[in-house]
Structures are given as C-alpha cells and as structure tokens.
Amino acid sequence: QVQLVESGGGLVQAGGSLRLSCTASGTIFGINVMGWYRQAPGKQRELVATITSGGSTNYADSVKGRFTISRDNAKNTVTLQMDSLKPEDTAVYYCSARKLAYTYWGQGTQVTISS
C-alpha cells in the first residue's frame, strides 16, 4: 500500500501563486509516475501534470508555462508550483502515484482562486 498526503492548498487571488506538496509513504518501492490531477465542481477529474522517476514531465495544455512539477525521489515527494493562477484553476487537487498497473490517490486539497 502507498499513502499520499497533500498539503499547500488554499485561497489566493487571481495572478497569485500556490505551492502544493505531496509525500508518499508505505510500500513506495516501484513507484514510477507521480503527478497531480484536479476536479472542479460538476466536472471530471483531469490531468494537471505528471513526472516520472527519471524526471520526464507532462503538462495539461491549460497549465503549460504557469505550473511546474518537480520531484525529490530521496524524500518521496512531488511538488506543484502554480503561478499566474486563474479562477478556472479552482478545483480539488489530487496527488497520484502509479506503481505497476495501479494508481494511488491522495485525499485532495482545495485550491480556490478569487477573481
């Protein structure tokens, strides 16, 4: 089992920044891809950004150039730096970790951007 704990959500004005962190614990050996997804009210969960254990990244088009994902394999953490935030970024953000064919999820952290 893998446990994921997120931190760093909150309320910020449009144009501001937030930093989300996620720490993995438990049976972490073999985790390949870690990342962030988000789900806004009434919408499906969507990819925000992912990063492999080797450091390859993938971003949703809507966040490219504004968000940066990073990973510290030694500390089992993944971080999402979010800049130039927009009201449409408002959502619950979930940390994810993929190990073989299974994806683990954190409980989610609320991010609210006011206009």
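Applying 0.36 nm per residue to the separation of GLN3 and SER56 and subtracting their alpha-carbon distance, the gain on full extension is 16.8 nm. Mean separation of Cα pairs under 8 Å and 6 or more residues apart, divided by the residue count, gives the chain a relative contact order of 36 percent.
Positive contributions from Lys and Arg (+1) and negative ones from Asp and Glu (-1), summed over other residues with Cβ under 10 Å from the Cβ of THR52, come out at +2. Relative to the present Cα-Cα distance, how much length would full extension add between LEU11 and LYS43 at 0.36 nm per residue of separation? Going from the current span to full extension adds 9.5 nm. The 3J(HN,Hα) values that the Karplus relation (6.51, -1.76, 1.60; θ = phi - 60°) gives for the stretch 82-94 are, in residue order, 10, 10, 6, 5, 10, x, 6, 7, 4, 4, 8, 9, 10 Hz. Gly and Pro appear as x.
Averaging the Cα positions of each part gives two centres, and for the stretch 79-115 and the stretch 11-71 these lie 6 Å apart.
A simple rule links phi to the HN-Hα coupling: the Karplus curve 6.51 cos²θ - 1.76 cosθ + 1.60 with θ = phi - 60°, which for the stretch 102-107 gives 10, 10, 9, 10, x, 7 Hz, with x for Gly and Pro. Fully extending the segment from LYS64 to SER84, taken as 0.36 nm per residue of separation minus the present Cα-Cα distance, adds 6.1 nm. Residue by residue, the stretch 7-23 carries 3J(HN,Hα) couplings of 8, x, x, x, 10, 8, 6, 4, x, x, 10, 9, 10, 9, 10, 9, 10 Hz when phi is fed to the Karplus relation 6.51 cos²θ - 1.76 cosθ + 1.60 (θ = phi - 60°); x denotes Gly or Pro.
Just so you know, all these numbers are worked out from the coordinates, no wet-lab data involved. Just so you know, these numbers come straight off a predicted model, no measurement behind them. Positions of Cβ are backbone-derived with ideal geometry, glycine not excepted, and every protein chain shown enters the neighbour counts.
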